[in-house]
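Some notes on the structure that comes next.
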Amino acid sequence: QNEETWDFVLVSDIHEMGSEKENKRKKFLEELSKKGFAIKKIEDTKLFYGVRAPQHIFWKYQCFLTNSNIRQRNSSANQDIPVTTRIRVVHFILRNTVTSDLEKLSDLMEKKVFEAAFPLHKNEEIRQILKKKWARWRVMFKEQPIEEIRCYFGEKVALYFAWLGWYTYLLIFAALAGLATVAAGATVFSSSQVSKEICDANTTIMCPLCDQNCSFWVLSDTCTYAKITHMIDNEATVVFAMFMAIWATVFLELWKRQRATVATNWDVYGWDEEEEELALHLINNSQHEPQPYQHSYWRSTIVLILALLMILVLIGIAHALVIYRAVAMALFTQSEVSLLSRHADTIAVMTGAVLHYLTIIIMTKVNWQVALFLCKLEKPRTPSQAENNFTVKIVIFQFFTNFSSLIYIAFFLGRINGHPGHYVRIAGHWRLEECHPSGCITDLFIQMAVIMVLKQTISNIMEYLVPWISHQLRKKQKSPKKRSMMLGEEEEAEDPCKRQWLHNYELNEVNVFSLFNEYLEIVIQYSFTTIFVAAFPLAPLLALINNVIEIHMDAIKMMRLRRRMVPRKAKDIGIWLQVLEAIGILAVIGNGLVIAITSDFIPVQVYKYMYSPCARENHTSMDCSTGYINNSLSVFHIRDFEPHTKVLPEFNGIQLKNCRYRDYRNADDYTYTVQFWHIFAARLAFLILFEHVALCVKAIAAWYIPDVPQKVKNLILKEKHSNLQNELSMTEYSTEV
């Protein structure tokens, strides 16, 4: 049975005899033979080479491991090597074998000498368990078999699923809190004084929302939106934002504990990646010299400048979207189609969001290439260092791609566009868009909802359909030829390996980035779930639904649609932990800014305590926010409109002398009122207070929950003690002798 287990399969086109590619292939296979590899060739429409490493390679690996990892000293040196370790070692040797022309496998694949190299999905018992307990839809709500995933795909993949499962589990609490916030808003909003005043304001005439063909409008038209806005913009949101800041910290702290337990159970707690890499290099080539650490300030400066330029480009794209919305708004309002002109603002925001989604898709591909280019410039020492550098760059680029539009809507929209009679204009022509009549947070809510729903739905469908379709196409391309060849031949027993190798070859290929893509997708989703959650409390719920589907979709892709991933060893989720911690801090800042700047929470509070009837005299029976809407609207005289503004001065047959707009300005010279500066000061004070309190609470939570459980610490302590005792007894024994 051992004779027919093959560690890796190399696939090549059938080249002409004596051609350059044929010679290069022979040279590579000869190098492997010199190292003692067994090679089996099967010819079909392609050439398949099964590769099996000699046993002495694994004995060497075990010796290195036994010496470095004290925990395994007692274990017998001849125990069976796990399949995942075999594949990992063989993959490393294949990747680092150099031919006489100084070419490695990656060079040969670029030159199309070899088409593919992959380990096999074998019909092991463990694979059947995973297919039954994990890679199917009906086990959606059951616990994942993490131990089996580790035995089949290695520690790195198992840790990803353990982390994703843990994140999904903790999202339940965040989702419930989000639902509670919306429910609180839904029960409170119908009786809210502010939305009641908006709905009753049928005599409050508002200034036109555009320059040409826009009429005045009545504030009570936005009644429905005002009610919805109050559903997400109320006192409960402040508590929820604070809760999410703490939740993000607790999630990471509890994950660190979970990780420590898992790593100890798997014997990788003290595992050293660098040592493992050096050991593998020495097994492959005993003359190997380690590559020294290097750092070039010149290179780092170039990379920094180029990265900043890329970020500026991404911010520029966000500006382009802003200009699009301003121009679209102007064109839609002047449109002959009444549907377009009536809902111009909503349509402009909606189409803007769709455009934003398209730019995300295009720029993701661009960011990828730029990040790869910058990584090559840095010349990282090891593959793991290269992966870390690449991760940081791509996360920063993707953050700006996904969030620059949202940052504009949250903090700049409606604040930099001037006032009636003196609007800020693009190219002196188009007015910058205003906030939604019912408040700026409505725009952010719409944008978040569109992106969360669109992004997750479309990317999930694509993520499953693309591999499935390409797998079906690969099967169709490769199967018929195989059958016709078999029909033409005489009846001979088919090699049992042939069918297995062909079946594996028909699956979609995997690469270094297969797992990276899954991480990146979830990390971007985590940013959406935490950073602007105050404007969209349903984000955790959508993330939860998405993740439950995502786990099993990834499982089905890995088990049924893709070739087997090369198992990699790991003791944690690596640099992603620092990325998540950075997002946690951004979430505090983001939510603090949303409540302080975007929402009407602060203006309402300032009004209640300084300007309302309650502040002037002691009215206990009265709602203190009575009169807030009238107070928050400034008066504009129609005679002061700019000359090219075409507005009819009458509305419903009444001659108008002035209209109202949302701002705190004096009626005579349009300068800011004292109340504006009061609110400004209150916003700043709230922001500083919220951030400091939230960051302190985060720090306390991080201190309160130890990263490593006591059980794990005690286990490690015992082991160190017993190992030292053994060494002592050995020394005593040798001195006696």
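One table, with the values for the structure above:
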read-out	value
Estimated 222 nm signal from helices in the chain, with DSSP H stretches of n ≥ 4 weighted -39500 (n - 2.57), rounded to 500	-21000 deg cm²/dmol
Flagged links, alpha-carbon separation over 31 Å, of LYS60/LYS156; LYS132/LYS156; LYS156/LYS476; LYS21/LYS131	LYS156/LYS476; LYS21/LYS131
Förster radius 60 Å - calculated FRET efficiency between MET17 and LYS718 (Cβ-Cβ, nearest 0.05)	0.40
Neighbour net charge for PHE251 - beta-carbon separation under 13 angstrom, K R +1, D E -1	+2
Computed label-point distance, nm, for sites THR261 and LEU306 using a 7 Å Cα→Cβ extension	4.5
The range 8-120 - convex hull of the alpha-carbon atoms, volume per residue in Å³	108
In range of the label at ARG381: residues from the range 292-316 whose backbone nitrogen is under 14 Å from the point 7 Å along Cα→Cβ	292-296
Listed peptides 343-356, 508-521 by packing density, highest first (mean Cβ within 10 Å)	343-356, 508-521
Isotropically averaged projected area of the range 312-377, using the convex hull of Cα atoms (one quarter of hull area), nm²	4.7
Angle in degrees between helix 55-68 and the longest Cα principal axis of the chain, rounded to the nearest 10	60
Over the chain, relative contact order from alpha-carbon pairs under 8 Å, at least 6 apart, %	21
Linear extension gain, ASN508 paired with VAL98, 0.36 nm per residue minus alpha-carbon span	144.9 nm
Normalised contact order of the range 8-120, rounded percent, pairs of Cα under 8 Å and 6 or more residues apart	41
Calculated FRET value between GLN578 and SER729, using beta carbons and R₀ = 30 Å, to 0.05	0.10
Label-reachable residues, the range 501-540, where backbone N falls under 20 Å from a point 7 Å from VAL239's Cα toward its Cβ	533-540
Net charge contributed by nearby residues that have their C-beta within less than 13 Å of GLU273 (K/R +1, D/E -1)	-2
Percent of beta bridges antiparallel (DSSP, the chain, rounded to nearest 5)	90
C-alpha long axis of helix 383-411 to longest principal axis of the chain, angle in °	10
Computed lengthening from HIS644 to GLN334, 0.36 nm per intervening residue step minus Cα-Cα distance	110.1 nm
Gained length - ALA685 relative to ILE323, 0.36 nm times residue gap less alpha-carbon distance	127.1 nm
Share of alpha-carbon pairs per 10 Å distance bin for the chain, given as whole %	2, 11, 19, 20, 16, 12, 9, 6, 3, 1, 0, 0
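No value in this document is a laboratory result; all are computed from the given coordinates. Everything quoted here is computed from the prediction, not taken from an experiment. Positions of Cβ are generated from backbone atoms using ideal geometry, with glycine treated the same way; all protein chains shown enter the neighbour counts.
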